[in-house]
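Colleague: Before we start, here is the structure in question, set down as structure tokens.
The values are calculated or read from the model by the stated rules, or taken from the named source; none is laboratory data. These figures come from a predicted structure and were not determined experimentally. All Cβ positions, glycine included, derive from the backbone under ideal geometry; neighbour counts span all protein chains shown.
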Amino acid sequence: MGGCAAVTPLTVEVSPGFFAQELPGFLEEKALPYLVVAKLTQTIQRRAAGIRNWTVVDEDYAAGEFFAKLQGWDKERRFVVV
């Protein structure tokens with residue numbers, strides 16, 4: 001066998017209830033990709049309704065994105081809407 005090993009990327013899935021500033025900050029500091037299924041609050045609904053550029057995925061789905069700094073966060077983060 002050669003000296004190369006396959007590396008599988010790790011993505012951390014986070015429950016919306018644990019999405020305070022500390023957790024995404026920690027994951028970003030460690031350069032770990034993460035995914036949160038966000039609670040559909042009025043703020044997120046309003047921002048999603050303002051998306052102008054959508055990428056068609058197939059005949060049923062499209063995806064768009066926006067950036068928002070939510071209460072208690074130190075910076076904006078990317079939201080992807082499907």
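Colleague: Among what's in segment 1-23 and is surrounded by 10 or more Cβ atoms within 10 Å (Cβ to Cβ) and outside any loop (DSSP other than H, G, I, E, B), pick the residue that is modelled with the lowest pLDDT.
Modeller: F18
Colleague: Pick out the one residue from E59, E65 that is modelled with pLDDT of 95 or more, among the acidic types (D, E) and either part of a strand (DSSP E or B) or surrounded by 11 or more Cβ atoms within 10 Å (Cβ to Cβ) (or both). First the steps, then the outcome.
Modeller: On the way: E59 fails: either part of a strand (DSSP E or B) or surrounded by 11 or more Cβ atoms within 10 Å (Cβ to Cβ) (or both).
Checking each option against the conditions leaves just E65.
Colleague: Still on this model: Condition first: out of contact with any strand residue (DSSP E or B) (no Cβ under 6 Å at 6 or more places or on another chain), among the hydrophobic types (A, V, I, L, M, F, W, C) and either modelled with pLDDT of 95 or more or surrounded by 10 or more Cβ atoms within 10 Å (Cβ to Cβ) (or both). Now tell me which residues in segment 24-56 satisfy that.
Modeller: If the condition is that a residue be out of contact with any strand residue (DSSP E or B) (no Cβ under 6 Å at 6 or more places or on another chain), among the hydrophobic types (A, V, I, L, M, F, W, C) and either modelled with pLDDT of 95 or more or surrounded by 10 or more Cβ atoms within 10 Å (Cβ to Cβ) (or both), then F26, V37, A38, L40, I44, A49 are the ones that fit.
Colleague: Filter segment 43-62 for residues that are among the aliphatic types (A, V, I, L, M) and within 11 Å of F79 (Cβ to Cβ) and give the result. Full working, then the answer.
Modeller: First pass over segment 43-62, keeping only residues among the aliphatic types (A, V, I, L, M): 44, 48-49, 51, 56-57, 62.
Across segment 43-62, the qualifying residues are I44, A48, I51.
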